[in-house]
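Q: Pasting in a structure now, in C-alpha cells, and then I'll have a few things to ask.
Bear in mind these aren't lab numbers, they're just calculated from the coordinates by the rules spelled out. Keep in mind it's a predicted model, so treat the numbers as computed, not measured. Quick reminder, even Gly has a Cβ in these numbers, built from the backbone with ideal geometry, and neighbours come from all protein chains shown.
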Amino acid sequence: MMAEEKFQLLVVSDLDGTLLDHHDYSFEEVLPVLDRLDENGIPLVINTSKTRAEWLAMRGQFGNLDPFVVENGSAIYDGNEVQVFGLPRAEILEKLKPLRGLYKYQGYSDVSLTEIMEWTGLGRQEAERSADRHFSEPLMWQDTAEREEEFCQKIEERGLMTLRGGRFLHVLGKTDKGKPLEHLREDKVAIIALGDRQNDLAMLEAADIGVVIATDDDFFLEADDVLRSSESGPRGWAQMMTKILDQLNIPPRQLDHG
C-alpha cells in the first residue's frame, strides 16, 4: 500500500481498554512506544469518548500536545481551535425528554456525582471531569437488549445517534470516531488507528491500518481487514504498535547510555 512512496504516519488511538487499562487506567507498557513515536516525529491523536477536561488533566503524563478528539468524534481540539462535528449537549437532552419513562435507563444528567463515581470507578475530581460534557450524554442502560435496539431507532428518528462503549450507551449528534479522521487526513498521510469496542469501529474503518485490541472479557469486535492483538489493553497496544513500526522500518527508541 505504501511501500513505494514516502508518507507521514499518524497514530489515532482510543483510550479506555486500549491505551489505558480498562480497570485501573494504567499505561506503563505503552511508554517506550510513545517515546519511539515522539523521536520519529509521529503524532499521536487521542480519539476518546472522554471529555476535553478529562484528557487535558491526564495528557501531561503522556507528554502529548497533539490534537485530540473527544466525546466519540463530537469535536477535535487543536491548540486554541475547535472543530465541532456533533451537537450541543443541551440540544441532545431536550431531544431525549420524550423518551423518558418509556425505557429503563439513567443518564449522567439524572444522577449525582457519587453515582457517576460508582458507575465508573473514578475518584471525585475525575468524575467531575467526566461529567463536564458538551456534546454527548452517556446512559447506563437498564432495560433489555431488544428494547435497546428499539430505543436506538427512536434516537435516530430524532436526528441523533447512539454508540455503545465499554460501559455506556452514548447519545450524541450524527457523528462518530471516524468522522474526524477525514479532517485529520492530508496528502500522503497514513493513519494507524487502534481501538477495542463497537464505538471504535468507524475509526478503524477510516484508517489505513486498523488495529483491534483484545478485551479481557468475551467481547469480540466484528471488523474486516484489521489486525488483532493477542494481548489486551496497553500490553496489546504496545505489542501491535511495536510490530507495525518494525515492519515499516521506523527506527526504535534510542536509549541514552550516559
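Q: Quote to one decimal, in nm, the extra length available between Val189 and Arg164 on full extension: 0.36 nm per residue of separation minus the C-alpha distance between them.
A: Values: separation 25, 0.36 × 25 = 9.00 nm, distance 2.89 nm.
Computed gain between Val189 and Arg164 is 6.1 nm.
Q: Here is a further query. Computed from the mean reciprocal separation of all distinct C-alpha pairs, what Kirkwood hydrodynamic radius does region 128-198 have, in Å?
A: Working: mean 1/r = 0.0703 Å⁻¹.
For region 128-198, inverting the mean 1/r across all distinct Cα pairs yields 14.2 Å.
Q: For Thr120 and Glu231, FRET efficiency with R0 = 35 Å and r from the beta-carbon atoms, rounded to 0.05? Mind showing how you got there, number by number?
A: Details: r = 24 Å, r/R0 = 0.68.
Rounded to the nearest 0.05, the efficiency is 0.90.
Q: For Glu29, what is the net charge nearby, where nearby means another residue's Cβ is under 11 Å from its Cβ and Lys, Arg count +1, Asp, Glu -1? Display every interim value, and only then the final one.
A: Values: positive: Arg235; negative: Asp21, Glu28, Glu231.
Net of charged neighbours comes to -2.
Q: Now, a different point. Counting Lys and Arg as +1 and Asp and Glu as -1, what is the net charge of the other residues whose Cβ lies under 10 Å from the Cβ of Gly159? Write out the running numbers ahead of the final one.
A: Values: positive: Lys95, Arg158, Lys174; negative: Glu91, Glu156, Glu157.
Overall, the nearby charge balance is 0.
Q: Need one number for the chain: average projected area of the convex hull over its C-alpha atoms, nm².
A: On the way: hull surface 60.1 nm².
It is 15.0 nm².
Q: Based on DSSP H assignment, which helices of the chain show an axial Cα extent of at least 18 Å together with a mean Kyte-Doolittle hydropathy greater than or equal to -1.0?
A: Working: long enough: 145-157 (19 Å, -1.64); 233-247 (21 Å, -0.60).
Span-like helices, by this rule, are 233-247.
Q: Using 0.36 nm times the number of residues separating Leu31 and Glu94, minus their current alpha carbon distance, what extension gain do you get? Write down the numbers at each step before the final one.
A: Numbers: separation 63, 0.36 × 63 = 22.68 nm, distance 4.20 nm.
Extra length from Leu31 to Glu94 when fully extended: 18.5 nm.
Q: Report the residues of region 125-154 in range of a label on Leu113: point 7 Å along Cα→C-beta, backbone N strictly under 17 Å from it.
A: Under 17 Å, as judged by backbone N against the label point of Leu113, lie 125-134 of region 125-154.
Q: Give me the Å³ per residue figure for the convex hull around the C-alpha atoms of region 89-172. If you can, show how the numbers build up before the last one.
A: On the way: hull volume 7.3 nm³, N = 84.
In region 89-172, the Cα hull volume divided by residue count equals 87 Å³.
Q: First select every other residue whose beta carbon is under 13 angstrom from the beta carbon of Glu222; then total the charges, Lys and Arg +1, Asp and Glu -1.
A: Details: positive: Arg164, Arg197, Arg228; negative: Asp196, Asp200, Glu205, Asp224, Asp225.
My count for the surroundings of Glu222 gives -2.
Q: Continuing with the same structure: So who's got an amide H within less than 5 Å of the one on Val45, skipping anything under 5 residues away but keeping other chains? H placed 1.01 Å off N, in plane.
A: Those qualifying (amide H under 5 Å, at least 5 residues apart or on another chain) are Val11, Val12, Ser13.
Q: Which order results if Glu222, Glu150, Glu205 are arranged by neighbouring Cβ count within 10 Å, fewest first?
A: On the way: Glu222 8, Glu150 13, Glu205 17.
Fewest to most other Cβ atoms nearby, the residues stand as Glu222, Glu150, Glu205.
Q: Which value at 222 nm does the chain reach when only helices count, each DSSP H run of 4 or more adding -39,500 (n - 2.57), with the total divided by all residues and rounded to the nearest 500 deg cm²/dmol? Mind dumping the intermediate values first?
A: Values: 9 runs with 80 residues, N = 258.
Calculated mean residue ellipticity at 222 nm is -8500 deg cm²/dmol.
Q: Computed over the Cα atoms of region 1-69, what is the ratio Rg over Rh, Rh following Kirkwood?
A: Values: Rg = 13.1 Å, Rh = 13.1 Å.
Checking Rg against Rh, the ratio lands at 1.00.
Q: Which FRET efficiency value, to the nearest 0.05, is calculated for Gln247 and Asp224 with the Förster distance at 25 angstrom and r the Cβ-Cβ distance? Write out the running numbers ahead of the final one.
A: Details: r = 20 Å, r/R0 = 0.81.
With R0 = 25 Å, the Cβ-Cβ based efficiency is 0.80.
Q: Right, something else. Between Asp216 and Glu150, with labels modelled 7 Å along Cα→Cβ, what's the label distance in nm to one decimal, could you check?
A: For the pair Asp216/Glu150, the computed spacing is 3.7 nm.
Q: Measure off 7 Å from each Cα along the Cα-to-Cβ vector at Gln61 and His23, then give the distance between these two points in nanometres to one decimal.
A: 1.7 nm
Q: Using alpha carbons only, how many angstrom separate the centre of region 188-230 from the centre of region 106-137?
A: Between the Cα centres of region 188-230 and region 106-137 lies a distance of 27 Å.
Q: Taking amide hydrogens as modeled 1.01 Å from N in the peptide plane, which residues meet the under 5 Å criterion relative to Ala190, leaving out close sequence neighbours?
A: Placed amide hydrogens put Gln8, Leu9, Leu10 under 5 Å from Ala190.
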